[in-house]
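Here the structure is laid out as structure tokens; the discussion comes afterwards.
The values are calculated or read from the model by the stated rules, or taken from the named source; none is laboratory data. Owing to the predicted nature of the structure, the values given are computational and were not obtained by experimental measurement. Note: ideal-geometry Cβ built from the backbone for every residue, glycine included; neighbour counts use all protein chains shown. Heavy atoms of the whole protein, side chains included, go into the accessibility calculation; ligands, DNA and RNA do not. Shrake-Rupley method; radii C 1.70, N 1.55, O 1.52, S 1.80 Å.
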Amino acid sequence: MSGAGVSVIIPCYDVAPYVQGAVESVLAQDYAPLEVIVVDDGSRDETAEVLAPYVRAGAIRCVRQENRGLSAARNTGIRHAAGEYIALLDADDLFLPGKIAHQVARLEAEPECDVCWGAVRHFRDDAPEVEFDLRAPLVSGGREVFATLLAANVINPSTVMFRRKVVERHGLFDETLRRAEDLEYWLRLAHGGARFCATGRVLIRCRLLRPGSLSVNAVAMAEARLRVLERVNDRLSPEERREYGTARHLSHARWKAGVAGLATGDVAGARRHLRASAAAPATAGPAAALLAMAAALPPRFGAAAVTRGLALWWRVRLLRARRPPAYVPAAGRALGPTISVVILTWNSAPLLRRCLEALRAHGPRDGVEVIVVDNGSRDDVQGILRVVMPSATLIRNAANRGVAAARNQGLLRAAGRCVVLLDVDTEVRPGALERMADFLDRHPGAGVVGPCLVSPDGRVQDSCRRFPTVFTKLGRRVGVGVLGRLVREESYAPTAAVAVRPVDYAIGACQMIRRQTLEEVGLLDERMFYGPEDVDFCLRAWRAGWQVIYLPDAVVIHRERRVTRRLWSGLSWLHALALVRYFRKHGYWFSREKVYARLGRAAASGSCVPS
């Protein structure tokens, strides 16, 4: 290779379904000279067969080695590289057009810059319609980058291009690290005097939540980050440690590693990390509280349940902490049926069968599509669909992603003018969905319609309620005295069971949502793993100018299966965390009058029933 060539290094291990896309994204770049070096790190799948045609055509060079880890694979590629510039690409990511040419131009325009990196566009295989850009703090320089990386690793390695002289001055990746090796390398470069320059341009598409990805294991990543920070801290002088506040960053990393240890049941490891974290003022309170919880709660009092709740919380915290993307229909997708029904199931095969059979018997005959989202069930969901409703679309998740995230998958796949969110423990009665859709057609101001929910014995349930408060939620647990009266006050008067009326929110067991409302309000908030995502959506709909309507002549049987009845269950803890997020998000805790004041209306009353 001659001239200012670029060598692209692609390490791969058991990524046969993805590596072809990565290679194609590099070969499609409008820059030359360019060499592509793929390092097969001992793959056991069909990776070699996928790469073989490219090798025979001379489009890429493939170097094979025994499995030694990501750092060793990258280093092997760098040793074989001949380009003046070196670009990294993970085998499950994709370069965007013009990525290489843009970075080469930036490096040539700024001779003092050693490393160029940029923004990322995320996507998920299970929701191809959704892409969102993650623009981390785009810091440049040396010391500034070092300080930022101590707090969080904001540099995605697939966006990075650096000069060959960087390797000559600072060495290769640390092969003793199996994870967080990129963080260690960036910190070493920044501390060693390398200059970083950030570009605001989105450079790559990064695949989220790929099965088998190193970053999916949040516990191992927390431990790896802690080890890297400890190594970096050992290299710094006492003056540098004070300047960069490494004690604070180490304490925070130990706190995260401690929570991760609790989440996996490693109580001994959790205690070790939390004790170290509690010694620092920055995290002393939370660390000490968790440490006391881990040490003091006897098993019969729910210690195992606390661990399960922390495990769920940790997964949500690290993988889905960001605000969900807005609802954006796929470009050019024409509206199909009138009604799309989205059913979420999780280890509920008997209920799913009843739900589908009722939908087949009593649902609309034409103009309806059914989408079933299997949230990591262990039962035979596919077999039930094959027998009861072969025409239904099945979306399968490898693990339980929570109610909001799973329902969002169905919402993004739905093509109807109206979308129904239906719990698996419901059975629609004749004409229910048609009446709800007809109401939306006749009342353009209505965005969400909820039916009358009844028990199998015919008892009318609380199908709609006023916005909750901390008191009413506590009252539902206690159920007596003053708190019990507050719960009764949250429910509407008995006449609500026989009157069409606007309500604060319709119970999420069955909601029909107008497509235009989805487009304006957005998807469900995935930061609420299990409730109250239904309340949150209805409140956001009211704020966007849409009404939420209770329609009693549309009847749906609801078996009211609650999975958070046990106070110390893992989901109960997670539900409590979601409630805290809800109240903080909407700025009220004890009185819903603040919400009504912001909406510019009194409590939902008959005065605003659409004509």
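Observations, loosely collected:
- Counting only residues that are modelled with pLDDT of 90 or more and outside any helix (DSSP H, G or I), region 211-244 holds 2 of them.
- The one condition in (1) in a helix (DSSP H, G or I); (2) of a type outside the set (D, E, K, R); (3) touching a Leu at 6+ places or on another chain (Cβ under 8 Å) that A437 fails to fulfil: (3)
- Filter pass, I507 being within 13 Å of D534 (Cβ to Cβ) and modelled with pLDDT of 95 or more: no
- Extreme residue, surrounded by the most Cβ atoms within 10 Å (Cβ to Cβ), among residues of region 344-359 that are touching a helix residue (DSSP H, G or I) at 6+ places or on another chain (Cβ under 7 Å) and modelled with pLDDT of 90 or more: L352
- Residues that are more than 26 Å from D374 (Cα to Cα) and of a type in the set (D, E, K, R), drawn from region 419-449: R435, D438, D441, R442
Results for (1) among the small types (G, A, S); (2) within 22 Å of V428 (Cα to Cα); (3) open to solvent by 10 Å² or more (accessible area, probe 1.4 Å); (4) not in a loop (DSSP other than H, G, I, E, B), shown as yes or no for each residue.
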residue	(1), (2), (3), (4)
M512	no, yes, no, yes
E519	no, no, yes, yes
E526	no, no, yes, no
D534	no, yes, yes, yes
W542	no, no, yes, yes
V548	no, yes, no, yes
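- Restricting G458, G450 to those that are modelled with pLDDT under 90, under 30 Å from L385 (Cβ atoms) and small (G, A, S) reduces the list to G458.
- Residue-level analysis places R407 among those that are under 20 Å from the mean Cα position of the chain (by Cα), within 21 Å of E560 (Cα to Cα) and among the charged types (D, E, K, R).
- R178 meets the stated requirement of being surrounded by fewer than 17 Cβ atoms within 10 Å (Cβ to Cβ) and in contact with a helix residue (DSSP H, G or I) (Cβ under 8 Å, 6 or more places away or on another chain).
- From the options L70, L89, residue that is under 20 Å from R178 (Cβ atoms) and touching a Pro at 6+ places or on another chain (Cβ under 7 Å): L70
- All positions within region 438-463 that are surrounded by 22 or more Cβ atoms within 10 Å (Cβ to Cβ) and either under 25 Å from L352 (Cβ atoms) or among the acidic types (D, E) (or both): V448, V449, G450, P451, C452, L453, S463
- Among the residues making up region 363-376, those that are buried (at least 18 other Cβ atoms within 10 Å of the Cβ) and either at pLDDT 90 or above or over 23 Å from P430 (Cα atoms) (or both) are E369, V370, I371, V372, V373, D374, N375.
Residue-by-condition table, conditions (1) free of Cβ contacts under 8 Å to residues at least 40 places away in the same chain; (2) among the β-branched types (V, I, T):
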{"site": "Y13", "(1), (2)": "no, no"}
{"site": "Y18", "(1), (2)": "no, no"}
{"site": "L34", "(1), (2)": "no, no"}
{"site": "I37", "(1), (2)": "no, yes"}
{"site": "R44", "(1), (2)": "yes, no"}
{"site": "V55", "(1), (2)": "yes, yes"}
{"site": "R61", "(1), (2)": "yes, no"}
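- Leading residue by the ranking (least open to solvent (accessible area, probe 1.4 Å)) among those in region 380-405 that are part of a strand (DSSP E or B) and farther than 17 Å from S340 by Cα: N397
- Pick from region 149-175, criterion open to solvent by less than 10 Å² (accessible area, probe 1.4 Å) and touching a Leu at 6+ places or on another chain (Cβ under 6 Å), ranking: modelled with the lowest pLDDT: L149
- The residues in region 245-257 that are assigned to a helix (DSSP H, G or I), more than 13 Å from E230 (Cβ to Cβ) and over 24 Å from the mean Cα position of the chain (by Cα) can be counted, and the count is 1.
- Look at (1) open to solvent by 10 Å² or more (accessible area, probe 1.4 Å); (2) under 21 Å from the mean Cα position of the chain (by Cα); (3) at pLDDT below 90 and you find that Y582 fails only one, number (1).
- In the set S463, S391, only one residue is hydroxyl-bearing (S, T, Y) and more than 14 Å from I507 (Cβ to Cβ); that residue is S391.
- Verdict on G309 being open to solvent by less than 10 Å² (accessible area, probe 1.4 Å) and at pLDDT below 90: yes
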